[in-house]
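Below is one structure, written out as structure tokens; comments come after it.
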Amino acid sequence: MPYTQLTIEDVLKNMKFQRDAKGEALIRSAYEMAEVAHRGQKRKAGEDYIQHPLHTALNLAKIGLGPRTISAGLLHDVPEDTQVTLEEVEKKFGKEVAAMVDGVTKLGRIKLRGTKEEMYLENLRKMFLAMAADIRVVLIKLADRLHNMETLEALPPEKRERIARETLDIFAPIANRLGIGEIKDRLEDLAFQHLDPEKFAYVSKISEEQQAQRKIHIRQIISELKKQLQKDGIRVEDIYGRSKHPYSLFQKLKRHDMDINKVYDLAGIRIIVAEVVNCYETLGVVHKMYRPLVGRIKDYISLPKPNGYQSIHTTIFGPKGKFLEIQIRTKKMDDEAEFGIAAHWIYAENRRSFRNFFRKKSVVPEQDLVWVKQLREWQTELGKDNQEFMEGLRIDFFKNHIFAFTPMGDIINLPEEATPIDFAYKVHSDIGDRAIGAKANGKMVPLDYRVQNGEVIEIITSREHKNPSRDWIRFVKTSAAKTHIRKFMKRDGMI
Ligand code: MN
């Protein structure tokens, strides 16, 4: 597969907002640093390494992110893979950019492999978000993953499969939770294509056939609708035909015994209007012209989907009895459906509050941030209290939680200020009872050490003795650890 060779101009050209001289200068100098640092390095397919950060930056520009996030995207592999250090990045580009680069580097070290069990995967997704701390770090990671998926061909088959699986299990659902439909769809299709090439080809083929059958009708309906809407004085910003992407069609087919005739939203038309009230007016016009299918009218404007998605959907009987789904939404809703969380920044920014948005929590009214509701729901699922988990863009909803790893990559969820002993008992009571030492990220630490988010904790155990110390009671944080230590002391007649 030939790769698109990008230049920094392609990135700048695709920026949606904030393309001013200052921002451009920042991006250009981030590019220079990355280009020099990666010079001589090649990607697996043989192209210059710098193409990877450039594509990552382009993906970020396309979903509307600003100069600092794009710069961090350009620099995201610099500290890990080159001689240039994070300190140098910070010196040149400041704390904010450096913190994002650091966040991406740290996320890259997490092993995201796991079982297929949904609960475990959900924990991995939560942990990933919690560790990122700044939503922009997650967006860079998604942009990075998207390019890695686009160039997956270059890797050996086993690696390809693992990465595609991880993409489907972790990254696509995160993109979905953040409402970034554009990235979610592409990640899913790329993963699907690699994991099941035959089914992918099959689904793509029937989709194309169905598309072709509907093409003329769609064109006809669009022109009829345009005329009528104009007559009724409803301003239409955009109207176009759309189709379901392969992976999503495949999911639908599975639910309907692989019977394509039962899939009603295979193809459709999207109408973008100016105001919310126009959405309902347009729905009236559509139903006046075409008979709607009973039970297929969905008002996600009044009742948004959990990820914040808003739109009106209705399925109509088109010519020759072919069903067509019509989606009606405003420009803002459309942007939010494509760019998700990033769109909120674009709109926040247009209200001249972008700068403050990162620093103060009250600048953008919380009800504006539908995705916040979603994060909050996750928090409730975890059974934590709801107060003040959101501060600006920080993902503080796991504020009192620490995620640490076993040397095997399993995630251990601990309360704040937990120690290696808490960790040990959480893994297994026997490991707690036999603990004699601990390492955090490979370095020896005392047993009352406070475990930090993301650390790999290794417990050194005694093979011969079970020997919990009564001193441990003073510093452990979890009740499980306390219970086990007390039980042991009682048995030994220590208390
Ligand atoms: Mn990368």
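The values are calculated or read from the model by the stated rules, or taken from the named source; none is laboratory data. In this text, all values refer to a predicted model and were calculated from it rather than measured experimentally. A quick note on method: Cβ atoms are made from the backbone with ideal geometry, for glycine too, and the neighbour counts reach across all protein chains shown. Please note that ligands, DNA and RNA were not included when accessible areas were found on the heavy atoms of the full protein model with its side chains. Shrake-Rupley method; radii C 1.70, N 1.55, O 1.52, S 1.80 Å.
Summary table below
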read-out: Fraction of accessible area attributable to carbon and sulfur, region 9-123 (%, probe 1.4 Å); value: 50
read-out: Estimated FRET transfer efficiency (residue 294, residue 20; beta-carbon r; R0 41 Å; 0.05); value: 0.20
read-out: Whole-Hz ³J(HN,Hα) from phi, Karplus 6.51 cos²θ - 1.76 cosθ + 1.60, for region 477-487, glycine and proline x; value: 10, 9, 5, 4, 4, 4, 4, 5, 5, 4, 4
read-out: Amide H contacts of residue 180 (H built 1.01 Å from N, under 5 Å, at least 5 apart or other chain); value: 341
read-out: Among the listed pairs 111/477; 205/244; 205/254, those beyond 20 Å (Cα-Cα); value: 111/477
read-out: Average accessible area per residue (Å²) across region 8-195 - probe 1.4 Å, nucleic acids and ligands excluded; value: 40
read-out: Region 259-311: C-alpha gyration tensor shape, a/c 1.5 cut-off, then a/b vs b/c; value: oblate
read-out: Sites residue 441 and residue 153, calculated FRET efficiency, Cβ-Cβ separation with R0 35 Å, nearest 0.05; value: 0.55
read-out: Portion, in percent, of the accessible area of region 198-338 that falls on carbon or sulfur, probe 1.4 Å; value: 52
read-out: Net length gained if the chain between residue 222 and residue 416 were fully extended (0.36 nm per residue, minus Cα distance); value: 64.1 nm
read-out: Amide proton proximity set for residue 239, modelled H, under 5 Å, gap of 5+; value: 272
read-out: Distance from region 74-110 to region 434-453 (C-alpha centre basis), Å; value: 26
read-out: Charge dipole magnitude, Cβ of K and R +1, D and E -1 - region 119-275, Cα centre, debye nearest 20; value: 340
read-out: Å² per residue, accessible surface of region 227-290 at 1.4 Å; value: 51
read-out: Backbone HN-Hα couplings from phi across region 173-187 [Karplus 6.51/-1.76/1.60, Hz, Gly and Pro as x]; value: x, 5, 4, 5, 4, 7, x, 8, x, 3, 6, 4, 4, 5, 4
read-out: Set of lysines near residue 227 by C-alpha distance (under 18 Å), chain-local residues within fewer than 8 positions excluded; value: 288
read-out: Amide hydrogen neighbours beyond the local backbone of residue 330, cut-off 5 Å, H modeled; value: 273
read-out: Set 226/298; 159/298; 16/320 screened for pairs whose C-alpha atoms are more than 31 Å apart; value: 159/298; 16/320
read-out: ³J(HN,Hα) computed for each position of region 213-225 - Karplus, 6.51 cos²θ - 1.76 cosθ + 1.60, integer Hz, glycine/proline x; value: 4, 8, 3, 5, 4, 4, 4, 5, 5, 4, 6, 5, 5
